[in-house]
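Asks: Below is the structure I would like to discuss, written out as structure tokens.
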Amino acid sequence: MTDWVEPLRELFIKEIDAYQKLLGLELQKKEAIKEADGKLLQSLVKESYHIMVEASELERVRMKTIEEIYRLQDFEKGEQGITLSNFLNQMDRESNFQLKGSTHQLKSIVQSLKEAILTNEKLLNNRKDFLNHTLETMKENSKERVYEKPNPKKKKGQGSQGSLMLNATA
């Protein structure tokens, strides 16, 4: 029964690594948001996307592996279908303890990542609200005031226009 435990544990480790990278990028995004560094933020978003695709693929492989273990070990599927919790509950104690640390670490890092993403979302929304409020205030102020172009001081003999008569005698 335990011949499938090590490959599954390795999948967990790869998935944990991907989510830790994402968490690191989210922390960098937070600083980029605070510093209003749009170029860095854009770069981090692109990098995050690629790692998220990798993490999604690892999760898909992990779930497929668990489904295969269900099939081979004749585990009973719960009412909710195949879930990680049901899977761990149905394993023998030895296997459960071997994977329990990895699953706990995965859940913990995903929770931390979720919190970091929500924090960054709030920061972005606050910055957006601040900028929108600033623009609205500027628009209101521009409607209230009529700006006149200042006239440069005229020097004597300059700046006055008069009619110019030409003495043209034929």
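The values are calculated or read from the model by the stated rules, or taken from the named source; none is laboratory data. Since this is a predicted model, take the numbers as computed values, not measurements. Here Cβ is always computed from backbone atoms with ideal geometry, including for glycine, and neighbour counts include all displayed protein chains.
Asks: Could you tell me whether Ser112 is assigned to a helix (DSSP H, G or I), modelled with pLDDT under 70 and surrounded by 13 or more Cβ atoms within 10 Å (Cβ to Cβ)? First the steps, then the outcome.
Replies: Numbers: assigned to a helix (DSSP H, G or I): yes; modelled with pLDDT under 70: no; surrounded by 13 or more Cβ atoms within 10 Å (Cβ to Cβ): yes.
Spelling it out, it is not the case that Ser112 is assigned to a helix (DSSP H, G or I), modelled with pLDDT under 70 and surrounded by 13 or more Cβ atoms within 10 Å (Cβ to Cβ).
Asks: If Ala36 satisfies all but one of (1) of a type outside the set (Val, Ile, Thr); (2) in contact (Cβ under 8 Å) with a residue 40 or more places away in the chain; (3) part of a helix (DSSP H, G or I), what's the number of the condition it fails?
Replies: (3)
Asks: Any residue in the range 1-28 that's in contact (Cβ under 8 Å) with a residue 12 or more places away in the chain and closer than 11 Å to Leu58 by Cα: show its pairings with residues that are part of a helix (DSSP H, G or I) and among the acidic types (Asp, Glu) at Cβ separation under 8 Å, as long as the two are six or more apart or on different chains.
Replies: Glu15/Glu59; Ala18/Glu54
Asks: With Asn96, Asn86 as the choices, which residue is touching a Phe, Trp or Tyr at 6+ places or on another chain (Cβ under 9 Å), at pLDDT below 85 and assigned to a helix (DSSP H, G or I)?
Replies: Details: Asn96 fails: touching a Phe, Trp or Tyr at 6+ places or on another chain (Cβ under 9 Å).
Going through Asn96, Asn86 in turn, the sole match is Asn86.
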